[in-house]
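Here is the structure we will look at, set down as structure tokens.
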Amino acid sequence: MISFRYARANDVADAVRQIAGDPDAKFVAGGTNLIDLMKMDVERPTKVIDITRLPLKQVENTPGGGLRIGALVRNSDLAYHPQVEARYPVLASAIMAGASQQLRNMASTGGDLLQRTRCCYFYDTATPCNKRERGSGCSAIAGQNRMHAILGASDACIATHPSDMCVALALLEAKVHVSSASGDRVIAFAEFHRLPGETPERDTNLDAGEIITAVELPPKGFATNYTYLKIRDRLSYAFALVSVAVGLELDGDTINDCRFALGGVAHKPWRDPRAEAALRGRRANAATFADAADVLLRDAKGYAHNTFKIDLARRCISRALMQAARGTPQSQSSKKIA
Amino acid sequence: MAHYIGTPTSRVDGFAKVTGAAKYAAEFNVPGLVYGSVVTSTIAKGRIARIDLSAALRVEGVLDVLTHENRPTMADNDQAYKDDVAPAGSPFRPLYDGRIMFSGQPIALVVAQTSEIARFAASLVRVDYETDTHITDVHCQREAAIPLKPPGDPIEAMFTPPKTRGRPEQALAAAAVRHAGEYYVPIEHHNPMELFASTVIYDGDGKLTVYDKTQGVQNVQHYLCRVFGMKPEDVRVMSPFVGGAFGSGLRPQFQVVLAVLAARALRRSVRVVLTRPQMYVLGYRPAMIQLIELGANADGTLDAIMHDAITVTSRYEDFFRQETGWSGLLYKCANAGYKHKLARLDLATPCDMRAPSATTALFALESAMDELAVALNLDPLELRLRCYSERDQHNDLPFSSKALRECYRQGATAFGWDKRNPEARSMRDAGDLVGWGMATGVWEALQMPITVRIALSANGHAEVACATSDIGTGSYTIMAQVAADMLGLPLENISINLGDSSLPQSPVEGGSWIAASVSNGIATTADAIRDELLRLAKQMPGSPLANIASGEVTLADGKLISKGDASRSVSITDAMRHAAVDRIEQEKTYNPSNDVTRAHNTHSAIFAEVKVDEQIGVIRVTRVVSAIAAGRILNTKTASSQILGGVVWGIGMALHEETLIDHKVGRIMNANIAEYHVPVNADIHDIKVIFVDEPDDSNPLGIKGLGEIGIVGVAAAIANAVYHATGKRVRDLPITLDKLRL
């Protein structure tokens, strides 16, 4: 851990003013990821700006019928929020699938979007990692890569995004509200996280000097036919090998509308419009679901230790779609797969 | 009279532990304490070409940076570094020279005013290496593995394979039914909750008090005296509480050497606490490749067992345990052969980890027996019963006691084994495949010489002192129970003093031998106390115990009582007051009888249920029954906890645990407890522990010890249940869902 200066921001304007022009400064909210990375010498901010006192802790209805979640709303508060439980249960379920109760009590909504990968090479400064040090190389491609990407990876990086909550937010087509010294803007969730390409050091399209102030959910919540199915190497407190968030709208057993997003398989929560299109208007049955899985995984590529994830993802997609179609969403407390 | 022995007595140190009053090695404070942070190597093999400390030394608050170039004098011979339980070879010497023998090797210690400053400055130490080619993959060293050398001493002889029995090759060739399988267990790490730490208090005259996380304070004391040329009276090692160790604290670890080095260099008190990643070079369960070949007669009796093992060790020490001999011990079989080779890798030396050798050997053997049962179309439990051995066949000896048959019976009944459908994939629960598997466990019932001092006060309080450890197992509690019963006093009148090298001699706490050794040590010393009390009581005018022999009295309810006539008694207080004695102190050594006429073992039978999602392959261990035969159980509560912990660990071994090495860089990549998976609460469901009655007279109290036996066999029971559920046999651990591919 390096020495750093600590500062407190009083409001959003103060926060963006403090971070403007200081590329080595970082905001801290829950600190559940940043502090760990600082201890490991992966993140080395010279200044840490505490934003926990900013007035971004509200969950409010929007005029358009959606929900606006302040960036500092804790994971636990969000998961148990009555509006979220009732209208966006897939989000509540995804949050409960992640981390531990203690971590969820600390972790913030905005911070969850900015979690960094859990790639073991990213964490170990003795090894090359393009995400940590541009141009140093990717150790995972020919190394330990059980947890790594099967979709959207590049020769520079095969890391995955670790968040569960973000998979549900991708499904719900959330909007990310950000502010900076030069003003405010809204980023569509699909545009928020990046694929690694040649610049894996950049996880998101958040610009330097910007702060997340809120995450806005559109009205459509898929509260009837949904699931969040997370498969991992133990039954709790592990990152996803594959996770699948599903939202369906059914007319009888015909699929009127459908979205599904995968976690644990790519550098960002993974959605595929072609795979979703393959479901619309079709009967909700195993054959349809298998087709959609095949479409989504058509370009999937495995490495030495994670090729199994392609087949696993196929099975998880089929199962999750079935859970949603039957109205039997995965419980996050009972570990029996619904 | 047994008021306390055999009861579910709560931990006598429980209150201190939950309130924080119990202090661990990193919690002892003195004024002026400074802090060391360890710098470790990033390469697996080579030399330090250059080490640049300038940036670290410039940090305000940094006092010194110790390296092999500037450290104080240390011993220059292997013998000095050979601790009580060191394997053959040349032990690692921390900061001794510039050689790098494993990635993560300590190469410098930054000492600073605070731990944060030390850790920051440690990140500024720059090292250039000359690198050599390393090999860290056991599969790459398979062909180069070397057979064990003939044993150099009786200890090594315990760990080398037994002599071949009969003609195993011929018997195997002639067998009606054969099974051969290769089984793999990866490197696993102990991961105790408490970080390894040492606080070295530097007294003005150069004497040291060392608070260390260890399973053997006297082992550490002797080691430090040799390494630093100090006198025993100048080094006192203390370890009153240990937050788990599981074998990782048997040998002195490098943090204590670094802390003492710094204390001697700076002439002040120093604390060194390792980080979790740094603990991954302290030792581990060695990876192993095991080939088991079984030959059976058509009736399900065994005629041939062959067990070959290749196990991992370092380049500088030959660590090995008795991997193969368990196969020839457990089942009746006229012909048995063994081979054991070592694969030397550029890693730190492995060390003992809960039930070393038996845990891994029994995974292989009991998986193979399950496969043989399938080949014979025989119930797996029935196969074990047909192969039941009434004698230790290595030496053709009877067992001092062996209630394994009763473990099978009670375990099977509690589990409902008779309702098992023998067909794989035949049992279901909604979408889940259900599997029932079983396995046997075996461990040794060992005892070691130990010395116990008891000081009895006239007010009926007793202090019991011994240099043994309580590594979280409950030694404080069972020692207090035994002392209370032997002295006839209430439990609350007993105080236990342990974990201090200045106390009477104890071996390291390992091998499940402490409960039997220290309990009988307490009984031996308590007898001496009783005799002294009787001598005093007889001096009383008109003593009701005049003319009575020492064996004819017992201590109970604070009194010396005639066994033959309970109305004849003298209270402890009266006997001592009359003689004007405030305190009786006795120190006696218990030397266990060297009973070579019988074999001494503990046994278990484990029954496990798994439910496997047929589409996804997720495994849940929904039920485990573990029936244990381990002699007399001193405390049914702490003993159950021991077995529960062993079963949980066995579940982890079966499904989760694996140390992942990047062989290109020779470095452990999941050196933390987020990525090194052990079971969490969600993985643990119903576990039932049964202790079967097993009278044993190997020692006066009939104790066998049970620190190890709880884990042995569990992984095989689960692997066998997974096979029964899915029809898929997984022979390499852990059984992750990708290996099922249903």
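Each value in this text was obtained by applying a stated rule to the coordinates, not by laboratory testing. Just so you know, these numbers come straight off a predicted model, no measurement behind them. Note: ideal-geometry Cβ built from the backbone for every residue, glycine included; neighbour counts use all protein chains shown.
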Selection from A:ALA223, A:ALA240, A:ALA174, by position along the positive dipole direction of the range A:167-253 (Cβ): A:ALA240
Nearest-0.05 FRET efficiency for B:ASP97 and B:LEU33, computed from C-beta distance (R0 22 Å): 0.15
Debye intensity ratio in log₁₀ form over the Cα atoms of chain B, taken at each q of 0.05, 0.07, 0.12 Å⁻¹: -0.27, -0.53, -1.35
Estimated FRET transfer efficiency (A:ASP257, A:ALA190; beta-carbon r; R0 22 Å; 0.05): 0.85
Simple spin-label estimate for B:ALA334 and B:SER426 in nanometres, 7 Å along Cα-Cβ: 3.3
For the range A:5-52, alpha-carbon Rg over 2.2 N^0.38 Å: 1.09
Contour minus Cα-Cα distance for B:THR19 and B:ARG126 (0.36 nm per residue): 34.3 nm
Mean separation of Cα contacts under 8 Å (6+ apart) over length of the range A:221-314, as relative contact order %: 20
Per-selection Kirkwood Rh - the range A:225-326 (Cα, Å, 1 d.p.): 13.6
Chain B, relative contact order [Cα under 8 Å, separation at least 6], %: 17
Label-zone membership for the range A:7-28, site A:ARG134, 7 angstrom Cα→C-beta point, backbone N under 17 Å: A:22-25
For chain B, calculated [θ]222 nm from helices alone, where every DSSP H run of n ≥ 4 adds -39500 (n - 2.57): -7500 deg cm²/dmol
Gyration tensor over alpha-carbon atoms, the range B:448-590, equivalent ellipsoid semi-axes in Å: 29, 14, 12
All-pairs Cα distance distribution in chain A, expressed in whole percent, bin size 20 Å: 32, 59, 9, 0
P(r) histogram, all alpha-carbon pairs of the range B:660-699 included - 10 Å bins from 0, percent: 19, 22, 19, 20, 17, 2
Between the range B:36-58 and the range B:530-562, the Cα center-to-center distance that results, in Å: 67
Amide H contacts of A:ARG8 (H built 1.01 Å from N, under 5 Å, at least 5 apart or other chain): A:ASP50
For A:THR204, residues with placed amide H under 5 Å, excluding near neighbours: A:ARG194
At R0 = 56 Å, FRET efficiency that the Cβ-Cβ distance of B:ASN297 and A:SER334 yields, to 0.05: 0.75
The range B:307-412: mean projected area of Cα convex hull, nm²: 8.1
Label-point separation, B:ASP137 to A:GLU198 (7 Å along Cα→Cβ), nm: 3.2
Length added when fully stretched, A:GLU249-A:THR125, from 0.36 nm per residue minus Cα-Cα: 40.0 nm
Calculated diffusion of the range B:401-459, Stokes-Einstein form, Kirkwood radius summed over Cα pairs, 4 °C and 1.567 mPa s, µm²/s: 79
Cα→Cβ-extended label distance, 7 Å offset, between A:ARG280 and B:GLN539, nm: 10.3
Greater than 25 Å apart at Cα, pairs in A:LYS309/A:LYS336; B:LYS339/B:LYS704; B:LYS332/B:LYS704; A:LYS268/A:LYS309; A:LYS47/A:LYS131; B:LYS149/B:LYS213: B:LYS339/B:LYS704; B:LYS149/B:LYS213
Mean projection area, nm², convex hull over Cα of the range B:60-209: 15.7
Relative contact order, percent, the range A:178-256 [alpha-carbon distance under 8 Å, six or more residues apart]: 22
Average projection area in nm² (convex hull over Cα atoms of the protein assembly as shown, one quarter of hull surface): 46.2
Packing-based order for B:385-394, B:149-158, using average beta carbon neighbours within 10 Å, highest first: B:385-394, B:149-158
Residues in the range B:210-247 that a label on B:GLU587 would reach, taking backbone N under 20 Å of a point 7 Å out along Cα→Cβ: B:210, B:216-223, B:225, B:231-240
Cut-off under 5 Å, modelled amide H: who pairs with B:HIS340 long-range: B:LEU148, B:ALA309
Selection of GluC sites (Glu not before Pro), the range B:1-100, meeting DSSP coil and at most 16 other Cβ within 10 Å: B:GLU60, B:GLU69
